[in-house]
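The values are calculated or read from the model by the stated rules, or taken from the named source; none is laboratory data. This structure is a prediction, so every number in the text was calculated from the model and none was measured. Don't worry about glycine lacking a Cβ; one is built from the backbone with ideal geometry, like all the others, and counts go over all protein chains shown. Surface accessibility is based on the protein's heavy atoms, side chains included, excluding ligands, DNA and RNA. Shrake-Rupley method; radii C 1.70, N 1.55, O 1.52, S 1.80 Å.
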There are 2 protein chains.
Amino acid sequence: MPSAGLEAGSNKVDVAVDLGNPLLNRTVDGFLKIGAVGACRVVAEDAFDCIHRGDISKRQLEETLKKMCKEGAYWGAVAGVYVGMEYGVERARGDRDWKNALIGGIATGALVSAATNNKGNKIAQDAITGGAIATAVEFINYLT
Amino acid sequence: MPSAGLEAGSNKVDVAVDLGNPLLNRTVDGFLKIGAVGACRVVAEDAFDCIHRGDISKRQLEETLKKMCKEGAYWGAVAGVYVGMEYGVERARGDRDWKNALIGGIATGALVSAATNNKGNKIAQDAITGGAIATAVEFINYLT
């Protein structure tokens, strides 16, 4: 079930949405969680920038907020596509192994590359890189 | 135990090395497995290039081999550092959760960035990005 959570000490806020379809649920869940991570990355980076320069302005805060939305949406979209693809491949193949991650990574790499206006060769290269990264991550998981 | 495997049909070749230390074992295991994935990525990319252009030369094969070694070593080193860091943090904290991945990712990002001759600010940014990516991957694992 897609849920977005906030935790501070022992207090926990959880938002959960059930869309009635496991594929859709996973995709939205991936989008929300990884989007939040992407947004946090922007906050951390800009906070570090502020500390480093020693000042903070309203205009910069607005820019950070804008960047948070943009990068959160990007990270969330990539994660959502990957999670949905991997789950779809798992259901279609009926197997749970690293090949799902490979196929999901290839499909995600190709889709993301095509969505960012790349052409022909570059899309194929990004698909291969996406598959390799997803496989590498899957292997790391089995290690630990 | 670090092992590198080859599987073709039902035939399997496995190489296993025991270094007598779980931290070292994991690091070497990560290096071998992810290094192999990185090398495969180069092969896939260059094979696609060959098919696309329709010819193949000895010089290019040599170049592919060189690129395989270079990229395999790079991917393997990054994975080895990350796996070792995450395991070390897990042992030090005594907990298994996403914070290990976050700390491992930050440390790996900083180390890799420093190793590629980046300076001050850029290292901090790469550390933040490394932590965010590791956390995102950890979250995706919990989803599926």
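What the table shows:
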quantity	calculated
Computed [θ] at 222 nm, deg cm²/dmol, chain B (DSSP H ≥ 4; -39,500 (n - 2.57); rounded to nearest 500)	-27500 deg cm²/dmol
Interface area, A with B, accessible, probe 1.4 Å, both sides summed, Å² nearest 100	3000
Mean projected area in nm² (Cα convex hull; one quarter of hull surface) for chain B	12.0
Cβ neighbours within 10 Å from other chains - mean over A:27-36	3
Most mobile of B:92, B:107, B:127 in a GNM of chain B (Cα contacts under 10 Å)	B:92
Magnitude of the charge dipole, the protein assembly as shown, Cβ model with Lys/Arg +1 and Asp/Glu -1, debye to 20	480
Cβ-vector label at 7 Å, residue A:62, separations to other copies in nm	5.9
Potential extension, residue B:118-residue B:49 segment - 0.36 nm per residue separation minus Cα distance	21.7 nm
Whole-angstrom gap from the stretch A:49-106 to the stretch B:16-43, using each part's C-alpha centre	27
Charge dipole of the stretch A:48-144 about the Cα centre (unit charges at C-beta), most positive-ward option of A:105, A:56, A:92	A:56
Label spacing, shortest first and in nm, from residue A:96 to its equivalents in the remaining copies (7 angstrom along Cα→Cβ)	1.5
Given A:67/B:66; A:66/B:33; A:58/B:119; A:33/B:66; A:70/B:70; A:70/B:119, the pairs whose alpha carbons are separated by over 30 Å	A:67/B:66; A:66/B:33; A:33/B:66; A:70/B:70
